[in-house]
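Please treat every number below as a calculation from the coordinates, not as lab data. Computed from a predicted structure; not experimentally measured. Note: ideal-geometry Cβ built from the backbone for every residue, glycine included; neighbour counts use all protein chains shown.
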Amino acid sequence: MIELFDVTKRFGDETAVDAISLRVERGELCALVGTSGCGKSTTLRMINRLIEHDGGEIHLDGQPVRAFDEVVLRRRIGYVIQSTGLFPHWTVARNIGLVPRLLKWPKSKVRDRVEELMQLLGLPVAEFADKYPRQLSGGQAQRVGVARALAADPDILLMDEPFGALDPITRATLQGEMRELQARLHKTVVFVTHDMDEALALADRLVVMHQGRIVQQGSPVDLLREPANPFVESLLGGMDRGLKEAALIQVSEHMLPLGPRLLASERIPYGASLSQALSVMLWHRVDRLTVVDEEDIPIGELSLRRLLGAKVP
Amino acid sequence: MRSATSMATQVPALQRWLSPIVWLTVLLVLTLGMGQLEWLFRLIEPDLRQVIYRRADFLTLLGQHVLVVGIASLLAVIVGVAAAVAVTREFGRDFLPLVSQLASIGQTFPPVAVLALAVPALGFGTLPIIVALLLYGLLPIVRNTLAGIDSVDPQVHEAARAMGMTPWQVLRQVELPLAAPFILAGIRTSVTINIATAALGTTVGASNLGDPIISGIVNGNTAYIVQGAVLIGLLALAVDSLFERLQRRA
């Protein structure tokens, strides 16, 4: 659990972070969103004391971060940045094994852990262990970055625009993997991004920052439904909000059992989002879709009329 | 099977070290066998009685030359790298502009002038030449170490801190290895210049391969000058090719 109480940071005359209070529960993925210069990265870096806060207190599991030796503190916190920050003179395996080695794990345990993580992140050991960072694609390098952050199994993970430098397809893939990883590992994650779609897709809780202050926080759906002010509303996509919300809902949540009627001609996988289903309906000009499972076997249907009906309170 | 693979790795290794080995061999053969070339030097100075420098043997002179340059360079590396590291730490940041300026300006200072200043302070002998070489050799090392540390990607540096490396670990495991090619290039420049400059030691009473040159100038014996100059040149080439080899590995 991470708690911030009235945390302030000034750089000269400029107040980068202005008395913000925040609580990230254990196992929660909290996204800090906002335009550049809103103080989100500064907030993140105060948690592992890369930047020292000037006022207020930051607690990890009830203990102030200042009570820890900063080196000990950082070894307990995973850290992922946009540029990966991988050491160019070390192999992938050595990069990943960094923190366990700093913690003086026995050699065999480090090796086992590195291989375990490489498998978890979809990096075949035989192919990648001895490669150098410059030999990796952007997506592969960022996977190594995430593996390195997870190496010593920290409870807390800090991620600063981790997928910001990737092409849209790789980014979407890694976001999907990140969601699966988080579902499995339940880390306490603070995730900084300026990409609202990314934040909506990954976050349990969204914290919108503006000019060093928290403007609004809540679940993605809460924010979409009730943005606190026009700034949050525009950040959330204005008129696109309906589709953004639909993107968060799975088809399976609104699926109806198969009726006596004929199967609709167009199909949609049950794991797809509602916004994708709407797109398919628009494209084919139909108001019914057959929902199928992984093996393309019909398991239900989706009806536009029922969908609209279901939305009315 | 095993012998076949070890053979395969040995041959390229030999090839890679070929150029330093060749220069070193030529240097040693010429140092030991200069006397055999009397006929050649007779062609240069047909009228003189003695055409081979014999006041000391060339091996001793070479040894003294290497020793002086070696000691001065070793000290220069230790002091230079330490200084550059110190001014790039938090506590020494204030001195960074001063030191980096000194390092660039110092390069334009002629070594003879350093020597001229060192003698009144330290007297004649080996000490002033070591001090002069140390001071002169410091500058490329300091400058290159600064450039090397500066070349480390700030994001990599931040990641190293964020992973929980101590400042010492960041320096040893990240900054110095990444700066190594720069530092090595600085040492190479420093040592090569110093091999040539060390010959000036003769003028302040430190005996080395500069002796035949100075003696040749004083006595009007071109053969002596050639003997000293060729050996110094070969030593510089041998050491330089050795560094080139090391740089390619780094």
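Counting other C-beta atoms within 10 Å, and keeping those with at most 13, which DSSP coil trypsin sites (Lys or Arg not before Pro) do you find in segment B:38-74?
Passing sites in segment B:38-74 are B:ARG49, B:ARG54, B:ARG55.
Which loop-located GluC sites (Glu not before Pro) does segment B:82-186 contain, where loop means any DSSP state but H, G, I, E or B and the Cβ has at most 16 other Cβ atoms within 10 Å?
Here the GluC sites (Glu not before Pro) that fit, given the DSSP loop and packing criteria, are B:GLU90.
Can you put A:VAL65, A:VAL144, B:VAL112 in order of Cβ neighbours within 10 angstrom, beginning with the fewest?
By the 10 Å Cβ count, ascending: B:VAL112, A:VAL65, A:VAL144.
Determine, for B:TRP39, B:TRP23, the number of other Cβ atoms within 10 Å of each Cβ, and report the residues in order from fewest to most.
Ordered from fewest to most neighbouring Cβ atoms within 10 Å, B:TRP39, B:TRP23 come out as B:TRP39, B:TRP23.
Take the alpha carbon gyration tensor of the protein assembly as shown, find the square roots of its eigenvalues, order them as a ≥ b ≥ c, and report rounded if a/c is under 1.5; if not, report prolate when a/b exceeds b/c, else oblate.
Since a/c reaches 1.5 and a/b is larger than b/c, the shape of the protein assembly as shown is classed as prolate.
May I ask which of A:LYS9/A:LYS187; A:LYS40/A:LYS244; A:LYS104/A:LYS131; A:LYS187/A:LYS244; A:LYS9/A:LYS109; A:LYS40/A:LYS107 have a Cα-Cα span longer than 31 Å here?
Correct reply: A:LYS9/A:LYS109; A:LYS40/A:LYS107.
With a ≥ b ≥ c the root eigenvalues of the C-alpha gyration tensor of segment A:158-313, is it rounded (a/c under 1.5), prolate (a/b larger than b/c) or oblate?
Since a/c reaches 1.5 and a/b is larger than b/c, the shape of segment A:158-313 is classed as prolate.
Angle check, please: helix B:210-219 long axis (alpha carbons) against the longest principal axis of chain B (alpha carbons), in degrees 0 to 90, nearest 10.
With both axes taken from Cα atoms, the answer is about 40 degrees.
For chain A, which longest stretch is free of loop sites, where a loop site is one of the trypsin sites (Lys or Arg not before Pro) that DSSP puts outside H, G, I, E and B and that has at most 12 other Cβ atoms within 10 Å?
Answer - A:105-260.
So how do B:TYR136, A:TYR132 line up by other beta-carbon neighbours within 10 Å, fewest first?
So the residues, fewest neighbours to most, are A:TYR132, B:TYR136.
Is it possible to state the helix-based mean residue ellipticity at 222 nm for the protein assembly as shown, with each DSSP H run of 4+ residues giving -39500 (n - 2.57), the sum divided by total residues, to the nearest 500 deg cm²/dmol? What is it?
-17000 deg cm²/dmol
List the residues, sorted by chain then number, that are 5 or more residues from A:VAL192 or on another chain and whose placed amide H is less than 5 Å from its amide H.
A:LEU32, A:MET159, A:ASP160, A:GLU161
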